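See below for the structure under consideration.
The values are calculated or read from the model by the stated rules, or taken from the named source; none is laboratory data. Bear in mind the structure is a predicted one, so any value in this text is a computation, not a measurement. Here the Cβ is made from the backbone with ideal geometry for all residues, glycine too, and neighbour counts use every protein chain on show.
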Amino acid sequence: MSLSYHTHEERAAWDLAESLIQQARAMMREAEKAMEAWRTGKEMNRLRCERRGIGKTDAEIRWSASATAKNAITNNTFHVGLATMYYNAAAANYARAHYLHAQQDARF
């Protein structure tokens with residue numbers, strides 16, 4: 001389905017929403033990378049501790065206290081927050097474009 005725009009303002013709101021969605025998706029990809037780094041690091045730490053005779057619970061405690069784990073969680077949280085912000089801004093701009101489109105339809 002092709003979109004038809006009634007005004008430049010409506011088109012600008014829609015285009016801005018589309019670019020914000022792209023930003024949000026990029027932030028979610030970064031959040032996923034951070035979470036994957038956390039999971040991989042946790043597993044590597046578990047295996048390392050297992051080889052040294054350290055129990056699973058102690059390995060988890062050591063992992064959660066490590067700078068690598070904290071950085072991965074911080075990066076994940078940061079990027080999810082940014083993605084949420086971008087998604088909300090995109091939703092507002094989609095709503096604005098829809099409103100402007102409906103206003104023009106009501107005039108005809």
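Within the range 1-8, does at least one residue satisfy the condition of being of a type in the set (A, V, I, L, M, F, W, C) and at pLDDT below 95?
The answer is yes; a qualifying residue exists.
Within the range 59-92, how many residues turn out to be among the polar types (S, T, N, Q) and under 30 Å from Arg11 (Cβ atoms)?
2
Please determine whether any residue of the range 1-12 is assigned to a helix (DSSP H, G or I), hydrophobic (A, V, I, L, M, F, W, C) and under 30 Å from His101 (Cβ atoms).
Yes, that holds for at least one residue.
Taking Thr68 as the residue in question, decide whether it is exposed (fewer than 12 other Cβ atoms within 10 Å of the Cβ) and free of Cβ contacts under 8 Å to residues at least 40 places away in the same chain.
Answer is no for this residue.
Go through the range 85-100 and report how many residues are free of Cβ contacts under 8 Å to residues at least 40 places away in the same chain and polar (S, T, N, Q).
Number satisfying all stated conditions: 1.
Please determine whether any residue of the range 51-61 is of a type outside the set (Asp, Glu), in a helix (DSSP H, G or I), touching a helix residue (DSSP H, G or I) at 6+ places or on another chain (Cβ under 7 Å) and in contact (Cβ under 8 Å) with a residue 24 or more places away in the chain.
There is no residue in the range 51-61 that is of a type outside the set (Asp, Glu), in a helix (DSSP H, G or I), touching a helix residue (DSSP H, G or I) at 6+ places or on another chain (Cβ under 7 Å) and in contact (Cβ under 8 Å) with a residue 24 or more places away in the chain.
Does Glu18 satisfy the criteria of being touching a helix residue (DSSP H, G or I) at 6+ places or on another chain (Cβ under 7 Å), in a helix (DSSP H, G or I) and in contact (Cβ under 8 Å) with a residue 60 or more places away in the chain? Write out each step before concluding.
Values: touching a helix residue (DSSP H, G or I) at 6+ places or on another chain (Cβ under 7 Å): no; in a helix (DSSP H, G or I): yes; in contact (Cβ under 8 Å) with a residue 60 or more places away in the chain: yes.
Here the answer is no, as Glu18 does not meet what is asked.
For the list (1) in contact with a Lys or Arg (Cβ under 7 Å, 6 or more places away or on another chain); (2) over 18 Å from Asn88 (Cβ atoms); (3) touching a residue at least 40 places away in the same chain (Cβ under 8 Å), I need the number of the one condition that Ala13 fails.
In the conditions (1) in contact with a Lys or Arg (Cβ under 7 Å, 6 or more places away or on another chain); (2) over 18 Å from Asn88 (Cβ atoms); (3) touching a residue at least 40 places away in the same chain (Cβ under 8 Å), Ala13 misses (2) alone.
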